[in-house]
Each structure stands twice: as C-alpha cells, then as structure tokens.
Amino acid sequence: MDFSIKGPGAGLRFSRQRLPTPHRAASDPPAELSAAAETAAVWAGELHEAEQMRAAMVAVNQAIEATEMAVAWVGAATEGLQEAQAHVRMMEQTARQALPGGGDLPPAEEWERLQERWKKHRGAIDAVAEKTRFGPVQLLDGTLGCRAAAFGTGLDLIAVGDGVRSSPPEGYEILISQEPTRPTFLGELPLTDAGIAGRVVLALEAGGKRVELRTEPGQSPEAVAAALHASARGSGLPVSVQVGPANRLLVQHGRLGSRFQIVGESSVPGILSNRDGTPRVVSNGRDVAGTLHGEPGDGRGQLLTGRPENRFTAGLVVRFRPVVPATAPGWKDGNLAAGRVLVSQQRLRLRWDGPDALHVALRLDPVRCMDLGRGEDEDGEFVCLADAIALPRERTLAALAAIERARTQVEAALHEVRQAGEQALPAHLARLRVQAQNLAAASHAITAPQLAMDAVRTLVRGLRRGADHPLAVQNSVPPKAMLRLLEGDLTTDEVLKMN
C-alpha cells in the first residue's frame, strides 16, 4: 500500500506491507511505525490543511510588516517632497515679483540677484534628493523610480513612462525614418528697390502674435530682412527672416513639426502674400518618424513617443534634432541609426502585495533640478529647472515656464505619495489585518487531532533510526510541514541532520 503526506516544498512517500494487526506493542518498532503511518495517512488531509493555513498566516503577517514599513517609507518621502515644493514655490514667487507688467524684462541688476537666489534654491532641492532616505535607501534620487540615458548625436531623452521596461544591456535602438522640419516659405516675387522705395508693408503672424514693418527708401533687401527679423524676434514671434535666392524673402518658423504655421502678408502681392493678394498660410513642417527598439513611435515635432500598445517602449519619449542631411553616410535603407536609450526601470520595487492578489504600488521619480521642469521653450529648445537658472535675461519667460513645470511636477508627486500614505496603505493594512484575524479563527477549526500529531512524532522518531526498520523512505528529506509541527520535540542538530 502506498500513500503520501505532503506539505509545501517537500513530501514523504511511504511504501509498506499491510500487517494483520496494525497496533502492536511499542517495543516492536516496525509495528509501531506501521500503525503510526496508517494513522497519519487517515489524517493526511487535515495535516496538509493545517500546514497550508499556517503558511497563509505567515504570508499575511509578512505582508503586514512590509506595509507598516511602507508607511514609514512614504512618510520620509512626503517630508522630502514638501521641502522641495517649498523651494520651487519660492523660486516661482521671486520670478513673478521680478517681472514688471506688460511682459517687459526685469532690469539687468535684478536679474542677476534673482539668479543668485535661484542658485541657492537649486542647491537645496538637489540636497533634498540626496538626503531623503529610509535607512540606507535614497528615496528621491531616482533609485526607486527610473534611471535612463540616451546616447547618440542629436538624440535626447525626454521622458520614461510607466509602461517602459528595463532595456537589455545594449539599450533600445532608435531608428529615424523621417527627420523633423520647420514650416518654411520663399516669397513668390523679389523685394526690389522700387518696392522698397514705395514703402511696402510686410506682415508676419505666428504663434498668435503679429508684427508689421514698412520699408524705407534706400534700404537694401538685406536691411529689410534684418529689420523684419529683429522686429519679429523682439515681439516674440518664433520666426526667422533672411534674403533668399533672387532677393526673395525666406521665412522659417523656429519650431519643428506639422502643427506650426506662418502667415505672410504684404501690400505688394507676392512678396510675402500670395500673388492674388490673399494672406499666405504655410504649415509644411514635418514631424519626426521612426521606431524605438523596433516598435512604432508617434512623431510630434522633434519628439518620438512609444505607442501605448508597445511591449517594451510604451511611453518612452526621445527628441531627435537633425544634425546631418538625409543623404549623409549615416543613413542606410531609408533609416538613420540615431543612437540608443538605456533604461533601468525600478518602479516595481515600491509595490506591496497581499495574499488576496491586491497590491499597492508607488513610483518615486527623482526631484533633482536636472529632472524637473523639462519642456520646450518658444524656440523649440528643451529647458529644465537646472537650465533656467543659467538662462540669459532675454529668456526670462522660458525660465519662468520651466519653474512652473517643476512646481506642477513636484506637487503631482507629493499628491500621489500623500494619497498612498493617508489612504491606500492604511486601507491595505486594515485589509491584511482582517485577513490575519480570519485565518487565525479558521486555523483552530481544522487543527489535526492529537493522535495525528502523535503519529507524526512516531514517524519522525522512526526516521531517526535510519534503515533499522522496514519502512522504506523514498525521499530522504522530511516534509517541512512535519518539522514545523514538531519544532518543540527536535533539537537544532536533529533538524539540521534531517534537512
């Protein structure tokens, strides 16, 4: 007759001959073992259930301990984020106070004083990222979020979404199939001396702003183009103007992509307007196109973003800046190998599971100034909080925009951490404690009777005697369930010997 007594991770299988009289005197070891084996076999189900219940209780108690520690983790992160938030808000406040009304720039002396104050806040924010810890673990330096870097000429890393997986050691290859371009147009008719002398009116509109210029007699086409360019830039229009072939004006938008447009008008048809005199509307810019690790990406201007359905690169955002013509040797089969992106995604390190398959997850991104406030300015350049401190006075608005983005980013992270500490984790902990109480109550109802426990002890004593009895043990390692049931009856040396 064969039967088994099993527990998680190990099991005993016994083969024995059915004896005519299962219960004999204790002085007959084979008979004693035979009777114990039969009794243990009768109660094997209850013994197994008791061990399963015990293992479930251990798992719940471990989850409770982990969640209680998580509350402390989140508390430390909350304090650090609150400190970073205070510094970013102070930077924003001082920037707004320094800006006079009407969009004018602050005086040079005030701008220098403002930058000095910002430098102190930048040092304080970076110090928060380094010093915010729970034990030896840094919480806000990116260790518990995501670390990534881009390598390649003209390739920059912009963002790494939650759906991006850690890359292989060689990184994710970025292939470009179409470079981004700027909206551009060339006047249909040249700017002649006669037209200039006739005080022609030229107008450009882009980005919701408009500028007009009237030519003066004696100006050269180059002087007119330079004056229109300076007037546009001074008014905040992201366009450039120069003289093109045959003295025709060449106008180009400062931003890359299909969503931008330029409107040109002129009192003499064809110089900036259409030949029929109607305004000329140009939106011929192209968006970047390509793949990330062989997966499709959506292009918007310079930005290439992994699609949501991508397996590895969903939410990965890179910027590609054209640096070589499409005919350069780097292009092969219609694609340019722009570079690679290395990603170490650690977001799952802050995840607290429960035996009921429910979990609480939290991602802590870095709050260093180089990681905060990243975004495009009016010229299509990406600016972060660290860059804002070193910008020239003429780019005050770009600096303020970076500070505002950084504040929004820190506040969003703080909101998520507070929600975890005040709602998600306490609810998770309460659920686990209810589970622990229910398991403790249920374990008493299925505890194996004393005679089954005694039978297990008898079997273990038989195992101590090795091969001095006819009981054939096919697996030399006793089940962990039996060892735990008999912890009080075995010495440490015996347990080590049996394992």
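One table, with the values for the structure above:
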item: Complete set of residues in region 121-150 that are crowded, with 22+ Cβ neighbours inside 10 Å and of a type in the set (Ser, Thr, Tyr); result: THR132
item: Some residue of region 25-48 being of a type in the set (A, V, I, L, M), modelled with pLDDT of 85 or more and in a helix (DSSP H, G or I); result: no
item: Qualifying residues in region 252-277 (those that are of a type in the set (Ser, Thr, Tyr) and under 15 Å from GLU188 (Cβ atoms)) - the one nearest to the chain's Cα centre (by Cα); result: SER273
item: In region 230-251, the residues that are within 45 Å of the chain's Cα centre (by Cα) and surrounded by fewer than 19 Cβ atoms within 10 Å (Cβ to Cβ); result: ALA230, SER231, ARG233, GLY234, SER235, GLY236, SER240, GLN242, LEU250
item: Leading residue by the ranking (modelled with the lowest pLDDT) among those in region 100-134 that are over 22 Å from CYS384 (Cα atoms) and under 23 Å from the mean Cα position of the chain (by Cα); result: PHE134
item: Meets criteria (closer than 30 Å to ALA361 by Cα and out of contact with any Pro (no Cβ under 9 Å at 6 or more places or on another chain)) for ALA129; result: no
item: ASP287 at negative phi, surrounded by fewer than 16 Cβ atoms within 10 Å (Cβ to Cβ) and either touching a residue at least 40 places away in the same chain (Cβ under 8 Å) or touching an Asp or Glu at 6+ places or on another chain (Cβ under 9 Å) (or both); result: no
item: The one condition in (1) over 23 Å from the mean Cα position of the chain (by Cα); (2) in contact (Cβ under 8 Å) with a residue 12 or more places away in the chain that GLN97 fails to fulfil; result: (2)
item: Extreme residue, surrounded by the most Cβ atoms within 10 Å (Cβ to Cβ), among residues of region 194-208 that are of a type in the set (A, V, I, L, M, F, W, C) and without any contact (Cβ under 8 Å) to a residue 40 or more places away in the chain; result: ILE196
item: Region 352-396, residues that are crowded, with 19+ Cβ neighbours inside 10 Å, at positive phi and at pLDDT below 85; result: GLY380
item: GLY244 being of a type outside the set (Lys, Arg) and on the phi < 0 side of the Ramachandran plot; result: yes
item: Set VAL417, VAL318: member being buried (at least 18 other Cβ atoms within 10 Å of the Cβ), at pLDDT 90 or above, more than 21 Å from LEU292 (Cα to Cα) and of a type outside the set (Ser, Thr, Tyr); result: VAL417
item: Some residue of region 214-231 being closer than 23 Å to GLY301 by Cβ and part of a helix (DSSP H, G or I); result: yes
item: Qualifying residue in region 209-217 (condition: closer than 21 Å to GLU376 by Cβ, under 40 Å from the mean Cα position of the chain (by Cα) and in contact (Cβ under 8 Å) with a residue 60 or more places away in the chain); result: no
item: Test: residue in region 426-433 that is within 20 Å of TRP352 (Cβ to Cβ), modelled with pLDDT under 90, surrounded by 20 or more Cβ atoms within 10 Å (Cβ to Cβ) and touching a strand residue (DSSP E or B) at 6+ places or on another chain (Cβ under 6 Å); result: yes
item: Single residue of PRO169, PRO183 found to be buried (at least 18 other Cβ atoms within 10 Å of the Cβ) and either at pLDDT 90 or above or of a type outside the set (Phe, Trp, Tyr) (or both); result: PRO183
item: 2 or more residues within 22 Å of LEU372 (Cα to Cα) and touching a residue at least 60 places away in the same chain (Cβ under 8 Å): qualifying strands (runs of 3 or more DSSP E) within region 125-193; result: 146-151, 155-160
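The values are calculated or read from the model by the stated rules, or taken from the named source; none is laboratory data. Note that this is a predicted model, so its numbers are computed, not measured. For neighbour counting, all protein chains shown are included, and Cβ atoms are generated from backbone atoms with ideal geometry for every residue, glycine included.
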